[in-house]
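Colleague: Have a look at the structure that comes next, please.
The values are calculated or read from the model by the stated rules, or taken from the named source; none is laboratory data. This is a predicted model, so every value here is computed, not measured. Every residue, glycine among them, receives a Cβ derived from its backbone with ideal geometry; neighbour counts consider all protein chains shown. With ligands, DNA and RNA removed, areas are computed over all heavy atoms of the protein, side chains included. Shrake-Rupley method; radii C 1.70, N 1.55, O 1.52, S 1.80 Å.
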Amino acid sequence: MAASSAYAASLPAAPDWLNKGDNAWQLTAATLVGIQSMPGLVVLYGSIVKKKWAVNSAFMALYAYASSLLVWVLVGFRMAFGERLLPFWGKAGVALSQDYLVRRAALSATAHGDTPRTEPFYPEATLVLFQFEFAAITLVLLAGSVLGRMNIKAWMAFTPLWLLFSYTVGAFSLWGGGFLYHWGVIDYSGGYVIHLSSGVAGFTAAYWVGPRLKSDRERFSPNNILLMIAGGGLLWMGWAGFNGGAPYAANIAASVAVLNTNVSAATSLLTWTCLDVIFFGKPSVIGAVQGMMTGLVCITPGAGLVQTWAAVIMGMFAGSVPWFTMMILHKKSALLMRVDDTLAVFHTHAVAGLLGGILTGLLATPTLLRIESPVPGLRGAFYGGGIGQVGKQLAGAAFVVAWNVAVTSLILLVIGLVIPLRMPDEELMIGDDAAHGEEAYALWGDGEKFDATRHDAARVGGGGGGGGIMEREGSVGQRLSGMGARGVTIQL
């Protein structure tokens, strides 16, 4: 009897408007996007950098994720998806109370003229969680531009401010019912809101923070390529939730989006790898991961809006255009050479996101747009939308770029008045141990001198007569240190 009552027609925990399938899929999609950040990008960042920056890079991603959640539920969510305050901003408010979180989700500002209000068939709490994962990963992606030198205290101050004053503006303008949403700029799942924003803001932050040490810029080999692949794999698989959750329902658009996402990523990875072989003679594993990333980013603005043959075309562009800007154009541009964008976030996210937005303006089909977008009359240029849709895509991108450059600059200039944005050179020489007092690997190497005070047996081995090997290694190390010997460089 108790089991059957759980499936009654109407229950307090399952009101008439609740679609259990949609709710289950949206929570699953949110979890998949969360896995992209935690542990996906945490692992990717901790392994793709030089050994001495593994802990700091992973922690920057970890901190951004945690700090974003509190800001999001306190004020951020309703600034991005609440009632309209300005054409580009929603009214701030908390998303913490029971009455607010258990009611049916609704984006009130999306209603305008012939455009109906967006009302998913699940509670507001589900929407708050799903959109938080998007907000958090945007900041984590941004961090990739400033790894290896940004003062961790400055980063701790930067993340909540950027979320409030930059991310919420893009999200409301394009998704929450702002002026770009009603004008008809298409951004299915974050090509502009997430990737163009993080790429431009990251490049701007890299400019103001300053470069890494010269030695780090010249040699910044990954400390663990296998873990880098594992982190990249989590990112790829998690993108099923990233693009599959964008329709706010377990519907046809979600299915098309997930398939297109994988097709574009695979095509882009293969295109990038072929270009590496043609021009450099051998395939690069790092390059393959970058190609995978650009394919995922490029399809995001139109994943559920284009046909699968179009996803192949978008993947080919995604694997070639960012490759060209990174490998060729970058070396010819004084500005790109001057700004130290550690993980090339500008190329893999800003360039690929903009490219995807433009291609979506060309290739989005009216049939899929009717299923997914509540804004009437949208269609790609190849389906009768004309050059006007491409113009809207470019104008929307221009707004996102301008806002992120201005706001990111202002935030960092203000923080710089109180906290140095860049770590001192003497700390940059050390890395993780200077920033956190911790190191990723218990290995002596990378060319540094053996420091008996840091590697003494008392720190690494037990006391008494049980020291064994650790005690003998310590005594040998001390004798070598006194003779001026240097450690052996270990390539991980």
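Colleague: Looking only at the range 359-401, count how many residues are farther than 17 Å from Thr308 by Cα and within 26 Å of the chain's Cα centre (by Cα).
Modeller: 12
Colleague: Next question, about the same structure. Has the range 124-141 got any residue that is touching an Asp or Glu at 6+ places or on another chain (Cβ under 6 Å) and outside any strand (DSSP E or B)?
Modeller: Residues of the range 124-141 that are touching an Asp or Glu at 6+ places or on another chain (Cβ under 6 Å), as a first pass: none.
No - not one qualifying residue is present in the range 124-141.
Colleague: Right, something else. Select, from Leu369, Leu378, the only residue that is touching a helix residue (DSSP H, G or I) at 6+ places or on another chain (Cβ under 7 Å) and at pLDDT below 90. Walk me through it before giving the result.
Modeller: On the way: Leu369 fails: touching a helix residue (DSSP H, G or I) at 6+ places or on another chain (Cβ under 7 Å).
Selected residue: Leu378, the only one of Leu369, Leu378 that is touching a helix residue (DSSP H, G or I) at 6+ places or on another chain (Cβ under 7 Å) and at pLDDT below 90.
Colleague: Has the range 46-69 got any residue that is under 23 Å from the mean Cα position of the chain (by Cα), of a type in the set (Val, Ile, Thr) and assigned to a helix (DSSP H, G or I)?
Modeller: Within the range 46-69, one or more residues are under 23 Å from the mean Cα position of the chain (by Cα), of a type in the set (Val, Ile, Thr) and assigned to a helix (DSSP H, G or I).
Colleague: Same structure again: Of the residues that sit in the range 96-111 and are closer than 28 Å to Trp183 by Cα and not in a helix (DSSP H, G or I), which one is most open to solvent (accessible area, probe 1.4 Å)? Give the derivation first.
Modeller: Pass one, the range 96-111, residues closer than 28 Å to Trp183 by Cα: 104-111.
From what's left, not in a helix (DSSP H, G or I): 104-107, 111.
On the way: Arg104: 66, Ala105: 0, Ala106: 23, Leu107: 2, Ala111: 51 Å².
It comes out as Arg104.
Colleague: Of everything in the range 188-209 that's outside any helix (DSSP H, G or I) and open to solvent by less than 10 Å² (accessible area, probe 1.4 Å), which residue is nearest to Pro116 (Cα to Cα)? Talk me through it step by step, then tell me what you get.
Modeller: Step one: of the range 188-209, the residues outside any helix (DSSP H, G or I) are 188-190.
After this cut, where a residue has to be open to solvent by less than 10 Å² (accessible area, probe 1.4 Å) as well, the list is 189-190.
Details: Ser189: 19, Gly190: 21 Å.
Applying the filter and picking the extreme gives Ser189.
Colleague: Moving on. Looking at the range 416-438, which of the residues that are modelled with pLDDT of 95 or more and of a type in the set (Val, Ile, Thr) is least open to solvent (accessible area, probe 1.4 Å)?
Modeller: Ile419
Colleague: Hey, can you tell me all the residues within the range 25-80 that are surrounded by 24 or more Cβ atoms within 10 Å (Cβ to Cβ), β-branched (Val, Ile, Thr) and modelled with pLDDT of 95 or more?
Modeller: Across the range 25-80, the qualifying residue is only Val33.
Colleague: Also: Checking the conditions here, which among Leu336, Leu305, Leu354 is more than 17 Å from the chain's Cα centre (by Cα) and in contact (Cβ under 8 Å) with a residue 24 or more places away in the chain?
Modeller: Working: Leu336 fails: in contact (Cβ under 8 Å) with a residue 24 or more places away in the chain; Leu354 fails: more than 17 Å from the chain's Cα centre (by Cα).
From the options Leu336, Leu305, Leu354, the qualifying one is Leu305.
Colleague: Now for a different question. What are the residues in the range 80-119 that are hydroxyl-bearing (Ser, Thr, Tyr), touching a residue at least 40 places away in the same chain (Cβ under 8 Å) and touching an Asp or Glu at 6+ places or on another chain (Cβ under 8 Å), if any?
Modeller: Kept after step one, since they are hydroxyl-bearing (Ser, Thr, Tyr), are these residues of the range 80-119: 97, 100, 108, 110, 115, 118.
The next check asks that each one be touching a residue at least 40 places away in the same chain (Cβ under 8 Å); those that pass are 108, 110, 115, 118.
Within the range 80-119, Ser108 is the sole residue that qualifies.
Colleague: On the basis of being touching a Gly at 6+ places or on another chain (Cβ under 8 Å) and at positive phi, does Gly202 make the cut?
Modeller: Working: touching a Gly at 6+ places or on another chain (Cβ under 8 Å): yes; at positive phi: no.
When the stated conditions are applied, Gly202 does not pass them.
Colleague: Looking at the range 368-384, is at least one residue out of contact with any Leu (no Cβ under 8 Å at 6 or more places or on another chain), more than 25 Å from His182 (Cβ to Cβ) and among the basic types (Lys, Arg)?
Modeller: no
Colleague: Restrict the check to the range 402-409 and report whether at least one residue is β-branched (Val, Ile, Thr), in a helix (DSSP H, G or I), at pLDDT below 95 and under 21 Å from Trp175 (Cβ atoms). So that I can check it myself, show each step before the final result.
Modeller: Step one: of the range 402-409, the residues β-branched (Val, Ile, Thr) are 405, 407-408.
Applying the additional criterion that residues be in a helix (DSSP H, G or I) yields 405, 407-408.
Now drop any that are not at pLDDT below 95, which leaves none.
No, there is no match, as no residue in the range 402-409 is β-branched (Val, Ile, Thr), in a helix (DSSP H, G or I), at pLDDT below 95 and under 21 Å from Trp175 (Cβ atoms).
Colleague: What are the residues in the range 73-90 that are assigned to a loop (DSSP other than H, G, I, E, B) and more than 25 Å from the chain's Cα centre (by Cα), if any? Give the derivation first.
Modeller: In the first step, residues of the range 73-90 are kept if they are assigned to a loop (DSSP other than H, G, I, E, B); the result is 82-83, 87-88.
Glu83, Pro87 - these are the residues of the range 73-90 that are assigned to a loop (DSSP other than H, G, I, E, B) and more than 25 Å from the chain's Cα centre (by Cα).
Colleague: Quickly run through the range 149-187 and pick out the residues that are assigned to a loop (DSSP other than H, G, I, E, B) and buried (at least 24 other Cβ atoms within 10 Å of the Cβ).
Modeller: Here is the first cut: in the range 149-187, the ones assigned to a loop (DSSP other than H, G, I, E, B) are 149, 151, 177-178, 184-187.
The answer is Arg149, Gly177, Gly178, Val185, Ile186, Asp187.
Colleague: Oh, and also: I need the full set of residues from the range 364-387 which are assigned to a helix (DSSP H, G or I) and open to solvent by 10 Å² or more (accessible area, probe 1.4 Å), in order please.
Modeller: First pass over the range 364-387, keeping only residues assigned to a helix (DSSP H, G or I): 366-372, 381-383, 386-387.
The answer is Pro366, Thr367, Leu368, Arg370, Ile371, Glu372, Ala381, Phe382, Tyr383, Gly386, Ile387.
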